[in-house]
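**Q** Handing you this structure, nothing more for now.
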Amino acid sequence: MTTSSPGLRRRSPRRTLRRALVLGLVLVTASTATSAPASATGPSRHGTQDLGRNVTVFDPSMPVTEIQATLDATHARQVGNEMGTDRYAYLFKPGTYGSAEQPLQIKVGYYTEVSGLGASPTDVVINGKVEVYNRCLEGGGTGNCIALVNFWRTLSNLSINIIATGQDGCRASANFWAVSQAVSLRRLNIGGGGLSLMDYCTAGPQYASGGFIADSRLPATTNGSQQQWLTRNSEVASWSNAVWNQVFAGVVGAPDDAEFPNPPYTTLESTPLSREKPYLFVDASGKYQVRVPAVRRDTRGITWGDGITPGRTIPLRDFFVAKPSDSVHVINRELARGRHLLLTPGVYDVARSIEVKRPDTVVLGIGHATLTAVNGATPLDVAGVPGVVVAGVTVDAGLRESPVLLRVGDRHGRDHSTPANPITLSDVYFRVGGPHIGKTHIALEVNSDHVLIDHTWVWRGDHGVEGFTEGVNGDTDRWRTNTGRYGAVINGDHVTATGLFVEHFQRYNTVWNGEDGTTILYQNELPYDPPTQADWMNGDVEGWAGYKVGDRVKRHTLHGGGVYVFNQNNPTIHTENGFEVPETPGVKLHHIMTVNLSAGIIDHVVNGVGEAADTTRIGAPVYLTEYPAP
């Protein structure tokens with residue numbers, strides 16, 4: 001076992017490794033396999049339902065060797081395919097897979113979903129492991145092993161009985177899930193060993209940068225080098241190690257936060273508003289259904305401990321099961337007829353908006369289905385009507401600037417959403433640049449009242465394959481070509497965000513104009529690439545805050561927020577404040593911080609308060625327990 005400790009507390013900037021990635025990504029993308037495993041095609045693997053060419057449904061009667069070979073082949077294709085177009089979903093029918101003598105050891109690569117098809121997580125049992133390891137990037141060796149770009153993967157709705165038969169001493173010590181943003185763990189029941197959110201078995205530095213767990217029962221969990229993490233409505237046997245920004249909401253067994261920032265835990269006894277992500281399952285008669293969990297308020301713990309998760313069941317026959325070859329015209333026609341929408345794995349080119357207009361419509365993506373804007377379109381437009389749920393969808397900017405990538409409600413239209421049945425976005429991710437140049441004015445715009453954002457990553461890409469030409473002083477050209485001004489703009493009232501990750505936008509990363517907003521865990525990196533201070537000015541103010549609450553807002557609450565700076569392109573650049581809020585008693589920030597990743601300066605944490613996060617304290621956060629101070 002390596003001598004590196006799970007308790008690493010400092011961070012290596014992602015861009016340090018990303019230079020090494022770009023050449024490798026070009027090669028990987030160019031050689032990406034496009035054919036699916038034999039078991040992924042045709043309706044015979046899905047009963048009477050065709051779920052798409054890159055969906056494989058496993059049955060417990062299948063030999064473990066066959067399942068293992070299929071999963072290993074996909075992992076080999078996807079382990080480095082960060083900017084590729086392949087998308088995969090591996091679904092397990094109810095039953096038990098693997099054994100103590102022959103465990104099923106699954107490794108999960110990019111754009112891969114592994115999910116059970118039971119009504120409860122206990123209906124599918126994996127005897128073995130489901131893991132993500134570090135990527136080792138120094139010339140293919142083991143000198144620079146990290147998880148900072150282990151994005152875009154999903155694990156949900158199953159039990160893992162950890163068995164490490166055949167693994168070496170270090171690998172046998174835990175189930176490793178070394179990831180960063182756009183990765184969710186939901187509806188899991190894990191036992192038989194420990195869970196580690198970092199991979200300490202490879203050569204260092206072993207950094208990881210954030211993730212999300214909900215509605216899960218967890219064993220002893222090592223947070224390790226994870227810089228920020230949200231665990232919501234779960235049970236945990238124990239939690240060790242904290243880095244910068246660890247938040248727990250409604251978690252049985254969560255650590256106490258009385259000594260913040262030593263350690264930097266933020267713990268809410270209950271979650272004020274939650275709705276679990278919809279999930280696909282197979283009923284006792286073998287028919288496919290979608291369970292849509294109910295809205296809950298002021299809750300704690302898992303939803304499935306006493307039986308099926310409360311909510312409603314929709315037969316899959318009521319969904320239009322879309323493929324990437326289906327036109328937006330066809331998708332909109334089916335939505336207008338009152339059908340729900342299941343987006344199967346793949347990349348959908350969207351030249352006009354997919355329009356969700358009817359109350360209680362469910363849009364569910366599997367296998368990281370991706371909508372890419374074409375000709376400046378807004379790929380997804382959701383009306384301000386009650387109960388719409390959008391889940392498991394990634395939205396990519398295109399080559400021509402879009403006004404917005406996902407709009408919820410008309411800015412000047414009527415809003416019919418209700419507090420009893422809020423519009424919900426779960427595991428909805430955004431990317432501006434990466435596999436190609438991307439351009440948008442706003443990524444996510446929420447105009448409706450009563451909206452729940454349950455885990456999102458809104459990312460203006462700081463690395464990628466095309467359009468990232470480096471100038472004399474760094475990424476000068478990218479600042480001009482890969483453009484995204486605002487990440488998340490929240491104009492509606494009574495909007496709640498649980499797990500809001502927004503990074504690298506060129507003005508305010510998040511602007512919150514609505515009243516009675518609540519954020520539980522906010523993570524932000526300011527853009528790496530402004531060429532000069534003049535390019536990073538908000539009028540007479542140096543820089544744009546990472547989190548801005550509108551000047552007229554009277555009531556707003558943030559629990560656990562961090563803004564990070566790494567101005568690699570010009571390390572002399574200043575940002576005056578990490579957070580900027582109106583000075584009024586109803587706007588309250590609880591447990592916030594700024595941190596320097598080795599370049600640039602944030603002068604204050606919030607509104608001129610707090611010491612500078614500068615290069616004299618690299619990796620050492622500046623914390624404020626409360627703002628305004630009590």
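The values are calculated or read from the model by the stated rules, or taken from the named source; none is laboratory data. None of the values given here were measured: they were computed from a predicted structure. Cβ coordinates were reconstructed from backbone atoms using ideal geometry, including for glycine residues, and neighbour counts include every protein chain displayed.
**Q** Quick one: what pairs do we get from segment 440-453, first residue over 16 Å from Ala497 (Cα atoms), second among the β-branched types (Val, Ile, Thr), C-beta under 6 Å, 6+ apart or different chains?
**A** Final answer for the pair search is Thr440/Val432; Ile442/Val404; Ile442/Val489.
**Q** I'm trying to understand the selection: among the residues of segment 497-515, which are out of contact with any Asp or Glu (no Cβ under 7 Å at 6 or more places or on another chain) and surrounded by fewer than 24 Cβ atoms within 10 Å (Cβ to Cβ)?
**A** Gln506, Arg507, Tyr508, Val511, Asn513
**Q** Would you mind telling me which numbered condition in (1) closer than 30 Å to Ser274 by Cα; (2) crowded, with 24+ Cβ neighbours inside 10 Å; (3) of a type outside the set (Gly, Ala, Ser) Ile146 fails?
**A** Ile146 satisfies every listed condition except (1).
**Q** Restricting to segment 231-283, what's the tally of residues that are of a type in the set (Gly, Ala, Ser), at pLDDT 95 or above and surrounded by fewer than 18 Cβ atoms within 10 Å (Cβ to Cβ)?
**A** So the count comes out to 5.
**Q** Is it true that Arg485 is among the basic types (Lys, Arg), under 22 Å from Ala397 (Cβ atoms), assigned to a loop (DSSP other than H, G, I, E, B) and in contact (Cβ under 8 Å) with a residue 24 or more places away in the chain?
**A** Answer is no for this residue.
**Q** Being in a strand (DSSP E or B), among the charged types (D, E, K, R) and either without any contact (Cβ under 8 Å) to a residue 24 or more places away in the chain or farther than 17 Å from Phe501 by Cα (or both) is the filter here, so list the residues in segment 371-430 that pass it.
**A** Scanning segment 371-430 gives Asp381, Arg407.
**Q** Now a separate question. Find the residue count for segment 297-321, including only residues that are assigned to a strand (DSSP E or B) and touching a residue at least 40 places away in the same chain (Cβ under 8 Å).
**A** 4
**Q** Let me ask you something else. Which residue out of Asn596, Asn569 is crowded, with 21+ Cβ neighbours inside 10 Å, in contact with a strand residue (DSSP E or B) (Cβ under 6 Å, 6 or more places away or on another chain), modelled with pLDDT under 95 and among the polar types (S, T, N, Q)?
**A** Asn569
**Q** Now for a separate question. If Ser325 passes every condition in (1) among the small types (Gly, Ala, Ser); (2) surrounded by fewer than 21 Cβ atoms within 10 Å (Cβ to Cβ); (3) within 30 Å of Phe248 (Cα to Cα) but one, which one does it miss?
**A** So Ser325 meets the others, but not (3).
**Q** Being charged (D, E, K, R) and surrounded by fewer than 24 Cβ atoms within 10 Å (Cβ to Cβ) is the filter here; which residues of segment 476-496 pass it?
**A** Asp477, Arg480, Arg485, Asp493
**Q** Name every residue in segment 146-180 that is of a type in the set (D, E, K, R), over 17 Å from Ser115 (Cα atoms) and touching a strand residue (DSSP E or B) at 6+ places or on another chain (Cβ under 9 Å), in order of residue number.
**A** Result: Arg171, single match.
**Q** Give the number of residues within segment 354-369 that are outside any strand (DSSP E or B) and free of Cβ contacts under 8 Å to residues at least 40 places away in the same chain.
**A** 3
**Q** Go through segment 516-532 and give me each residue that's over 19 Å from the mean Cα position of the chain (by Cα), charged (D, E, K, R) and surrounded by 24 or more Cβ atoms within 10 Å (Cβ to Cβ).
**A** Asp529
**Q** Just one of Val251, Val243 is of a type in the set (A, V, I, L, M, F, W, C) and touching a residue at least 60 places away in the same chain (Cβ under 8 Å); which is it?
**A** Exactly one of Val251, Val243 is of a type in the set (A, V, I, L, M, F, W, C) and touching a residue at least 60 places away in the same chain (Cβ under 8 Å), namely Val243.
**Q** Further question: Which of the numbered conditions does Trp536 fail, given that it passes all the others? Conditions: (1) outside the structural domain of Ala599 (by TED's automatic domain parsing); (2) farther than 19 Å from Val587 by Cα.
**A** (1)
**Q** Same structure, new question: Would you check if Ala612 is modelled with pLDDT of 95 or more, farther than 17 Å from Trp512 by Cα, under 28 Å from the mean Cα position of the chain (by Cα) and small (Gly, Ala, Ser)?
**A** So Ala612 does not fit the description; no.
**Q** Let me ask something else about it. Among the residues in segment 524-534, are any modelled with pLDDT of 95 or more, of a type in the set (Asp, Glu) and under 27 Å from Pro263 (Cβ atoms)?
**A** The answer is yes, given that some residue of segment 524-534 is modelled with pLDDT of 95 or more, of a type in the set (Asp, Glu) and under 27 Å from Pro263 (Cβ atoms).
**Q** Does segment 323-338 include one or more residues that are among the β-branched types (Val, Ile, Thr), touching a residue at least 40 places away in the same chain (Cβ under 8 Å) and on the phi < 0 side of the Ramachandran plot?
**A** For segment 323-338, residues among the β-branched types (Val, Ile, Thr), touching a residue at least 40 places away in the same chain (Cβ under 8 Å) and on the phi < 0 side of the Ramachandran plot: absent.
**Q** Scan segment 155-174 for residues that are touching a Gly at 6+ places or on another chain (Cβ under 9 Å), surrounded by fewer than 24 Cβ atoms within 10 Å (Cβ to Cβ), modelled with pLDDT of 95 or more and not hydrophobic (A, V, I, L, M, F, W, C) and jot them down.
**A** Within segment 155-174, Ser156, Ser159, Asn161, Ser173 qualify.
**Q** Within segment 142-193, how many residues are hydrophobic (A, V, I, L, M, F, W, C) and part of a helix (DSSP H, G or I)?
**A** Qualifying residue count for the region: 1.
**Q** Condition first: assigned to a loop (DSSP other than H, G, I, E, B), over 25 Å from the mean Cα position of the chain (by Cα) and hydroxyl-bearing (Ser, Thr, Tyr). Now tell me which residues in segment 252-295 satisfy that.
**A** Correct list: Ser285 only.
**Q** Let me ask something additional. Quick check, is Ser402 surrounded by fewer than 24 Cβ atoms within 10 Å (Cβ to Cβ) and closer than 30 Å to Arg480 by Cβ?
**A** Spelling it out, it is not the case that Ser402 is surrounded by fewer than 24 Cβ atoms within 10 Å (Cβ to Cβ) and closer than 30 Å to Arg480 by Cβ.
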